[in-house]
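Scroll down for the structure; my scribbles are underneath it.
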Amino acid sequence: MNAFEPALREGQSGQIGRRQPRIEDDALLQGRGRYADDLAVAPGTLHAAVLRSPHAHARLVGLDASPALAMPGVHAVLTGEDVKRWARPFPVGVRQPMEHWCLAVDKVRYVGEPLAVVMAESRYLAEDALDAIRVDYQTLPVAVDTEAAIAADAPLLHEAVGSNVVSERHFRYGDPEQAFAEAEHRVALKVRVPRSSCTPMECYVVLAEYDPASASYDVLANFQGPYALHTVMARALKVPGNRFRLRTPPDSGGSFGIKQGVFPYVVMMGLAARKAGAPVKWVEDRLEHLQGASSATNRMTEIEAAVTRDGRVTALYWDQVDDCGAYLRAPEPATFYRMHGNLTGAYAIRHLVVRNRVALTNKTPTGLNRGFGGPQIYFALERLMQRIAVELDLDPLEVIRRNLVPSGSFPYRAAAGALLDSGDYPAAVEQGIHEGGLEELLAHRETARREGRLYGIGYTVAVEPSISNMGYITTAMTPEERRKAGPKNGAVSTATISVGPLGDVSAHVSSTPQGQGHRTVVAQVIAEVLGVPLESISVNVELDTGKDAWSIASGNYSSRFSGAVAGAVYQAAVKVRDRLAGIAAAQWQVEASRIRFAEGQVIVNDSELSMPFGRLAGATHWAPGTLPEDEPGGLRETAFWSPPQLEAPDDDDRINSSLCYGFIFDYCGVEVDRITGQVRLDRYVTLHDAGRLLNPDLVDGQVRGAFAQGLGAALMEEFTYGDDGSFQSGTFADYLVPTSVEVPEPLILHRETPSPFTPLGAKGVGEGNNMSTPVCIANAVADALGIADIELPLTPSKVRTLIGIEEPARPQGVGEDQTAPAAGGGSRLTASDSVTLPGSPQAVFDTLLDPETLQAIIPGCHALELTGENAYRADVTVGVGMIRARFDAQVALSDLDPPHGLRLSGAGTSAMGSAEGSAQIRLTEVEGGQTRLDYDYDAAVGGKVASVGGRMLQSASRMIIGQIFARLAQRMGGAAPRLSLWQRLKGLFAGRGGRS
Amino acid sequence: MHARADQRIRVTLTLNGRERSGYAEPRTQLCDFLRHELGATGTHVGCEHGVCGACTVRVDGRASRSCLMLAVQAEGRRLDTVESLAEEEGLSDLQQAFRRHHALQCGFCTAGILMSCEEFLDRVADPSEAQVRDMLSGHLCRCTGYTGMVQAVLDVARTRREATVPDSQQENNDV
């Protein structure tokens, strides 16, 4: 039952809906926040560092941690062997024979996959020791591109599955065949949504302890929920839920969904603490975070609409492939199913066919990221609506208008099952048009175009789902599978309010806020209901599964706070109020309905009777004997709330995937620079109907933040991988996110249609612009350039290519940049050069084959040992940019053709990544008894080193190779070469000099 | 002075007006030293490669990335961190403006941003919005979209200017 009515009874204080400054800010502004890395640790705590794979796909042949263990300050190393002994793979949402352990046990499947954990007395020492662990890999072919990974002949990540497609489901709603058969037009589009992340400024932090006496784990982590993952972690740790206590710190440095992905590390560090026999602390660094933490799911979509002549869409066909990375990590494949019920967006489209496939590739596993599932859906749907307008020569706004869910039809059951709770979409669009100044913007476009500028306008409408149905994920199963597994549905929220002996009010919620200001809103709701000053209320948002009220839906995700959690707070406050009203009514012998709570007083309406709130509440502690008979004394109330509208999927796969659906109407004007390809956002208007607003300042803050991230996703942000699976976005200099000069202020408009399904009528609002902004900007760029194929992010170079202007010829004397990141490697470099050396070709040849020479001419070579026929093992330090890596390298001389030429090749791995390369050397006699040495080289790097920009690698490799031959020349200029290795060995290996 | 890589060296500096000492290895980053040796955890570490600006502190008055400085380089210097900003009577004008303009959400990047803003306001009394945005572009914030910060800095610049204008001139301006 909706409890909105009683709230109005309390309405005198006006706390709910007020622009209340945040109670969080005083501490945060003074540097007194308590984030996970700021908390005190137990004496004897060890610091952990994680060893990660430099290869995207390789079999683990061996791992030797003993050199690391011998280093000073190192206490223990956790490896896959320990994990197999003490833990289990993580449970997964689809039934397939694939295992995901917290450390790799048989193979590594993405660059950055954890292999081992070093525990040492400081983080510095632990990181040092990572380099000493020796790992033997047998590299395997990779499946990186989504389309290639689902092809029949693709290398398999999980061989037992027999395919990289680990889930496929088909859905049909209404009569799409007939609708397509009758359609006057069909409009189709193929789109891709890239990988990105909202990258919280604070990385992951875990503090773990293991108590052997009770065989229990106690872990503090900046985990954000959902707490359904508590069960996943407990199962992986092989303990009952009550032997795995998970706690969160008072403050979090942002999450945006991403901190859901800390859960494998919670398990890993629990096991690390068990291995070390001491508490363990781990703080992730930024490179680890970007490379290996989590990512939004990249998607390929083919979408087609059946359309009437006037632009009315009668049916949609969706064919979607989600790329979830190397492992299907809970809650995936939720990126699909979170949005499943509202696949038709804000439109009344009754017929639908859907094919959903989940692909695994050699990339980082995906997870929650603000807007979860939304950007993927709306990029396809709203780009399609724009294409319909173009192809049918209609105004895009008119196409939107003709398809909106009509006014007066709420709650509206969408084709795939969403029960759109409230709103008036056509009225909202008209409001946005008028209040946002669309007419002016259209006139501006007219002027700009007349002047020959590239100017476009984009539109988007979207429904923003909030408060996820915990049962939506079972839509990934067939109805038969669901029947066997038992129903899953609902979403339980909790809130606890207690009043102390001095009348002081404390509250606890299990929403684990990540910066949104939940404490402020909780205090506002309580102040409204109990009539106590807001400043007097203490709100605790730390969650401790060992003693707090929580459930699987607890946590900070699916924009569930204002609708669900604030609603539970309201209900708990009402319970406290009603108990106190009962006590006061008995004392004063009046009807409880006459009692009112305001300004710190308990008042009887239309009378002189009143007393301080604290005095009445204190009596529950000090004088329980004076209370009415049914009053137990003490004052602490917990509310649990789950909405009945969140039902399990039905047998026709209809699912109400969320409780609330806000409405968004966005439009924007962009100007594209013809010369640079830069997209400048001229004006952005965003209208939201998120139900009742509890604190409009915080709502606007959410909209601004989501807008900035949506802008980043539209124009800048992408996790890129080389064809070999190397990760290329490892720093904030490579993964660009918007700064203050790139983010304009959007015009934010509101309307408030209360939700009939939440206690306070509020809906979520935190994710909308992550869903709507990327495609709105894309539609504007499509309008500006008049093209259909738009791929995000719209970086200047990509847009420049779309504009398609002939690039002027390169000025003379400027060399070609031969970095070719797309072809073959993380970064692949080729070049050629020559050098003239003193001495005959034979002398040069012999010198090259001398191991001492080889050691002397390889820059940074510490040691070189012969390991076989013209093969050496070398210990080499190479510096590129800010990275210095010590490589364990195999160096070989092959294709020996004395004295005309040979091939020098090398391959190595280091803590910084892998590198390989070879140089074909040709020797020609020139005048004066000299030799010209020509060389062509080809080098590739992967792993951490590859995250350095290609230009930097190009110049570094040119310098290193140049050094080799300069040193050779130096050496040739000196004493005559001694009897070379070749000369010593040629008797043994004559004529067998093949490739090694 | 030469020190072994693992040798712990005594570093003495003036932190927020007080002389403080602690021990650091030659390779210890200044941000780690401040946070874990001196307990000044208000300064946060966001990227450790000098891009995000979260760890910005003032070294002899100048805004500097404490992740790109070694602790030993701070020997004998004056360091000011976010903990220095509040006054006896409460939040400073800049902190109050941040609160008023909702210029922070999670607050993790805020410490460094406040230090850059303070240095900027010391140098530029009458900044344009473009100048403020340019200064702030040395910091990454993923929560707010920056609007509140820009407004807060412009707001503080205005009130500080008004406070320093002599009365007579103020009158003239009013005319």
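The values are calculated or read from the model by the stated rules, or taken from the named source; none is laboratory data. Just so we're clear, the structure is a prediction, and the values are computed from it rather than from any experiment. So basically every Cβ, Gly included, is an ideal-geometry build from the backbone, and we count neighbours across all protein chains shown. Remember, those area values only see protein heavy atoms, side chains included, never the ligands or the DNA or RNA. Shrake-Rupley method; radii C 1.70, N 1.55, O 1.52, S 1.80 Å.
Residues that are within 13 Å of A:Asp723 (Cα to Cα) and open to solvent by 40 Å² or more (accessible area, probe 1.4 Å) within the range A:148-160 comprise just one, A:Ala148.
Residue-by-condition table, conditions (1) of a type in the set (Phe, Trp, Tyr); (2) under 27 Å from A:Tyr557 (Cα atoms):
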position	(1), (2)
A:Asp145	no, no
A:Pro155	no, no
A:Ala160	no, no
A:Ser196	no, yes
A:Ala213	no, no
A:Val219	no, yes
A:Asn222	no, yes
A:Tyr227	yes, yes
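When you look at A:Ser554, is it of a type in the set (S, T, N, Q), open to solvent by less than 10 Å² (accessible area, probe 1.4 Å) and part of a loop (DSSP other than H, G, I, E, B), yes or no? In short, yes.
Among the residues of the range B:15-47, just one is within 11 Å of chain A (Cβ to nearest Cβ), assigned to a strand (DSSP E or B) and in contact with a Lys or Arg (Cβ under 8 Å, 6 or more places away or on another chain), namely B:Ala24.
Would it be correct to say that B:Leu70 is more than 10 Å from chain A (Cβ to nearest Cβ) and open to solvent by 10 Å² or more (accessible area, probe 1.4 Å)?
For B:Leu70, the condition - more than 10 Å from chain A (Cβ to nearest Cβ) and open to solvent by 10 Å² or more (accessible area, probe 1.4 Å) - is met.
Within the range A:575-609, being within 54 Å of the chain's Cα centre (by Cα) and farther than 25 Å from A:Ala639 by Cβ holds for A:Val604, A:Asn605.
Considering only the range A:498-505, I want to know if a residue exists there that is open to solvent by 40 Å² or more (accessible area, probe 1.4 Å), among the small types (Gly, Ala, Ser) and modelled with pLDDT of 95 or more. Working first, answer last.
Taking the range A:498-505 first, the residues open to solvent by 40 Å² or more (accessible area, probe 1.4 Å) are A:501-502, A:504.
Those still in the list that are among the small types (Gly, Ala, Ser) too: none.
Within the range A:498-505 (the criterion being open to solvent by 40 Å² or more (accessible area, probe 1.4 Å), among the small types (Gly, Ala, Ser) and modelled with pLDDT of 95 or more), the answer is no, since none of the residues qualifies.
Results for (1) in contact (Cβ under 8 Å) with a residue 60 or more places away in the chain; (2) more than 30 Å from A:Gly705 (Cβ to Cβ), shown as yes or no for each residue.
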position	(1), (2)
A:Ser196	yes, no
A:Thr199	yes, no
A:Tyr227	yes, no
A:Val232	yes, no
A:Pro240	no, yes
A:Phe244	yes, yes
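For the range A:377-407, what are the residues that are free of Cβ contacts under 8 Å to residues at least 12 places away in the same chain and farther than 16 Å from A:Leu438 by Cβ? Correct list: A:Asp393 only.
Restricting attention to the range A:226-246, does a residue exist that is within 14 Å of chain B (Cβ to nearest Cβ), buried (at least 24 other Cβ atoms within 10 Å of the Cβ) and under 19 Å from A:Asp548 (Cβ atoms)? Looking through the range A:226-246, none of the residues is within 14 Å of chain B (Cβ to nearest Cβ), buried (at least 24 other Cβ atoms within 10 Å of the Cβ) and under 19 Å from A:Asp548 (Cβ atoms).
Among the residues making up the range A:480-522, those that are assigned to a helix (DSSP H, G or I) and assigned by TED's automatic domain parsing to the domain that holds A:Trp622 are A:His518, A:Arg519, A:Thr520, A:Val521, A:Val522. The helices (runs of 4 or more DSSP H) found wholly in the range A:50-130 and carrying at least 2 residues that are open to solvent by less than 40 Å² (accessible area, probe 1.4 Å) and at pLDDT 95 or above occupy A:80-86, A:123-130.
Of everything in the range B:73-102 that is facing another protein chain (nearest Cβ under 9 Å) and of a type in the set (D, E, K, R), the residue that is least open to solvent (accessible area, probe 1.4 Å) is B:Glu83. Does A:Ala966 fit the bill of being modelled with pLDDT under 80, touching a strand residue (DSSP E or B) at 6+ places or on another chain (Cβ under 9 Å) and within 17 Å of A:Asp833 (Cβ to Cβ)? It is true that A:Ala966 is modelled with pLDDT under 80, touching a strand residue (DSSP E or B) at 6+ places or on another chain (Cβ under 9 Å) and within 17 Å of A:Asp833 (Cβ to Cβ).
The listed residues are A:Pro331, A:Pro365, and the only one of them that is farther than 21 Å from A:Leu420 by Cα and open to solvent by 10 Å² or more (accessible area, probe 1.4 Å) turns out to be A:Pro331. In the set (1) farther than 21 Å from A:Ser196 by Cβ; (2) assigned to a helix (DSSP H, G or I), A:Ser772 fails one condition alone, (1).
Might you let me know whether the range A:843-857 holds any residue that is small (Gly, Ala, Ser), in a strand (DSSP E or B) and in contact (Cβ under 8 Å) with a residue 60 or more places away in the chain? Looking through the range A:843-857, none of the residues is small (Gly, Ala, Ser), in a strand (DSSP E or B) and in contact (Cβ under 8 Å) with a residue 60 or more places away in the chain. Every condition in (1) within 23 Å of the chain's Cα centre (by Cα); (2) more than 20 Å from A:His444 (Cβ to Cβ) is met by A:Leu711 except one, and the failing one is (2). Cβ-Cβ under 6 Å, sequence separation 6+ or interchain: first residue in the range A:270-287 and within 11 Å of chain B (Cβ to nearest Cβ) and part of a strand (DSSP E or B), partner open to solvent by less than 30 Å² (accessible area, probe 1.4 Å) and of a type in the set (S, T, N, Q). Which pairs? Correct list of pairs: A:Lys281/A:Thr45.
How many residues are out of contact with any helix residue (DSSP H, G or I) (no Cβ under 7 Å at 6 or more places or on another chain), over 21 Å from A:Ile960 (Cα atoms) and assigned to a strand (DSSP E or B) when one looks only at the range A:866-879? So the answer is 2. Would you check if there is a residue in the range B:113-127 being acidic (Asp, Glu) and open to solvent by 80 Å² or more (accessible area, probe 1.4 Å)? Checking the range B:113-127: at least one residue is acidic (Asp, Glu) and open to solvent by 80 Å² or more (accessible area, probe 1.4 Å).
Just name the residue that is farthest from the other protein chains (Cβ to nearest Cβ) out of those in the range B:48-66 that are under 18 Å from A:Glu288 (Cα atoms) and open to solvent by 10 Å² or more (accessible area, probe 1.4 Å).
First pass over the range B:48-66, keeping only residues under 18 Å from A:Glu288 (Cα atoms): B:48-52, B:54.
Still in the running and open to solvent by 10 Å² or more (accessible area, probe 1.4 Å): B:48-51.
Values: B:Glu48: 6, B:His49: 5, B:Gly50: 9, B:Val51: 4 Å.
Looking at residues that are under 18 Å from A:Glu288 (Cα atoms) and open to solvent by 10 Å² or more (accessible area, probe 1.4 Å), I get B:Gly50.
Out of A:Arg309, A:Arg355, report the one residue that is open to solvent by 10 Å² or more (accessible area, probe 1.4 Å) and assigned to a loop (DSSP other than H, G, I, E, B). First the steps, then the outcome.
On the way: A:Arg355 fails: assigned to a loop (DSSP other than H, G, I, E, B).
Unique residue meeting the criteria: A:Arg309.
Considering A:Leu711, A:Leu715, A:Leu694, the condition of being open to solvent by 20 Å² or more (accessible area, probe 1.4 Å), more than 8 Å from chain B (Cβ to nearest Cβ) and under 25 Å from A:Val463 (Cα atoms) is satisfied by A:Leu715 alone.
So for the range A:871-891 (the condition being over 28 Å from A:Ala56 (Cα atoms), open to solvent by 10 Å² or more (accessible area, probe 1.4 Å) and at pLDDT 80 or above), does at least one residue qualify? Scanning the range A:871-891 turns up no residue that is over 28 Å from A:Ala56 (Cα atoms), open to solvent by 10 Å² or more (accessible area, probe 1.4 Å) and at pLDDT 80 or above. Go over the candidates A:Val267, A:Val280 one by one and state the one that is of a type in the set (A, V, I, L, M, F, W, C) and either surrounded by fewer than 24 Cβ atoms within 10 Å (Cβ to Cβ) or under 20 Å from the mean Cα position of the chain (by Cα) (or both). Residue meeting the stated conditions: A:Val267.
Against the condition of a type in the set (S, T, N, Q) and either within 13 Å of chain B (Cβ to nearest Cβ) or not in a loop (DSSP other than H, G, I, E, B) (or both), how does A:Thr731 come out, does it pass? If you could, list the steps in order and put the result at the bottom.
Numbers: of a type in the set (S, T, N, Q): yes; either within 13 Å of chain B (Cβ to nearest Cβ) or not in a loop (DSSP other than H, G, I, E, B) (or both): yes.
The answer is yes for A:Thr731.
Test A:Leu156 against the criterion of being closer than 24 Å to A:Leu290 by Cβ and of a type in the set (A, V, I, L, M), and give yes or no.
Working: closer than 24 Å to A:Leu290 by Cβ: no; of a type in the set (A, V, I, L, M): yes.
No: the conditions fail for A:Leu156.
Would the range A:736-759 turn up any residue that is more than 14 Å from every other protein chain (Cβ to nearest Cβ), under 26 Å from the mean Cα position of the chain (by Cα) and not in a strand (DSSP E or B)? Checked against the condition, which is being more than 14 Å from every other protein chain (Cβ to nearest Cβ), under 26 Å from the mean Cα position of the chain (by Cα) and not in a strand (DSSP E or B), the range A:736-759 yields no hits at all.
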